[in-house]
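The values are calculated or read from the model by the stated rules, or taken from the named source; none is laboratory data. For clarity, every value in this text was computed on a predicted model and none was experimentally measured. Cβ sites come from the backbone with ideal geometry, for glycine too, and all protein chains shown count toward neighbours. Ligands, DNA and RNA are stripped out before the accessible areas are found, and what is left, the full protein with its side chains, is counted by its heavy atoms. Shrake-Rupley method; radii C 1.70, N 1.55, O 1.52, S 1.80 Å.
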Amino acid sequence: MSVSFDLTGTTAVVTGAKRGIGYAMAEALAEAGADIIGVSATIEAEGSAIAAAVEAHGRRFEARAVDFADREAVLALAGELRDREIDILVNNAGTIERAPAAEHPLEWWDRVVEVNLSSQFVLTQAVGAGMLARGRGKVIFTASLLSFQGGINVPGYAAAKSGISGLVKALANEWTARGVTVNGIAPGYIATDNTQNLRDDPDRSKAILDRIPAGRWGRPDDIAGPTVFLASPASDYVSGVILPVDGGWLGR
Ligand SMILES: NC(=O)c1ccc[n+]([C@@H]2O[C@H](COP(=O)([O-])OP(=O)(O)OC[C@H]3O[C@@H](n4cnc5c(N)ncnc54)[C@H](OP(=O)(O)O)[C@@H]3O)[C@@H](O)[C@H]2O)c1
């Protein structure tokens, strides 16, 4: 028996790679051997921190600055990547807007659903077509606890992340027999810019912390190992699942 987590010779696209969870995912994939194409809204063409981290592992890094709220820009990226040999696609970029459902601005709803769900389908459709043609590939979505739960004051986010759960299963049903696995990772409460508002609110922060069996907020590097697993041959018989990485939250 041999178990391989080795990604040497592969190329991974990681969206939202500039900071937070995506940064940790990109660095972990590079450490395991993958060259990285890092995408985010504002990533620098040269000299980003994540470029330096990837190159420190001896891997190549390319940056693409794309706003996922801009359908034409996402289609242009998709068109470029369709012709590249991409082995791993990590759909991680995401945004959040907080306001009670009755007052939630419709522009926020549209933007969150576009960035967190629709743009990810546009990109995955194109990159996945290349993977299917080559008969191999790994697609990983960053889902959320709100792929399972409703959350508070984030109706667009909860709807988009629940949509990701459906998309993972829909794509897995079509693609797994053709060599492409499709899975999600559901991070729990991770200390990044995305959750700064929650951590700034002493009551919400305490309520969240008290419910996490691990007794601490998660860190971006908690997501690193599961990402390498789902990107590697070690997970070849895993498809269509959302893996919670949440310090035990969902089991509570
Ligand atoms: N933190 C948590 O507790 C948590 C829990 C569950 C799920 N998640 C999910 O994890 C993913 C990463 O979040 P994070 O916590 O790492 O947040 P973060 O620190 O705010 O990072 C978000 C990343 O996504 C990129 N991004 C945001 N909007 C974009 C847009 N319109 N176009 C292109 N890129 C965009 C950002 O690009 P720039 O850097 O260029 O702005 C950034 O690199 C998201 O899908 C989020 O929903 C987070």
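General observations
- Here K206 is the anchor, and the lysines within straight C-alpha reach of less than 27 Å, apart from those fewer than 8 places off in the same chain, are K161.
- Accessible surface of the chain [probe 1.4 Å, protein heavy atoms]: carbon and sulfur percent: 51 percent
- Cross-link reach list, aspartates and glutamates versus K18, counting only Cα pairs under 16 Å and skipping chain neighbours closer than eight places: E27, D35, E44, E46, E55, E62, D67, D193, D221
- Extension gain from D70 to A177, taking 0.36 nm per residue of separation minus the Cα-Cα distance: 35.3 nm
- Across the chain, the relative contact order, built from alpha-carbon pairs under 8 Å that are at least six residues apart, equals 21 percent.
- Across the chain, the longest piece that holds none of the GluC sites (Glu not before Pro) lying in DSSP loops with up to 15 other C-beta atoms within 10 Å covers 86-252.
- Cross-link reach list, aspartates and glutamates versus K169, counting only Cα pairs under 17 Å and skipping chain neighbours closer than eight places: D236
- For the range 56-122 and the range 174-252, distance of Cα centres in Å: 19 Å
- For the pair E103 and K169, a Förster radius of 35 Å applied to the C-beta separation gives a FRET efficiency near 0.60, rounded to the nearest 0.05.
- Each of D200 and E55 was given a label point 7 Å from its Cα along the Cα-to-Cβ line. The distance between the two points is 3.4 nm.
- On a per residue basis, the range 90-133 carries 43 Å² of accessible surface, using protein heavy atoms and a 1.4 Å probe.
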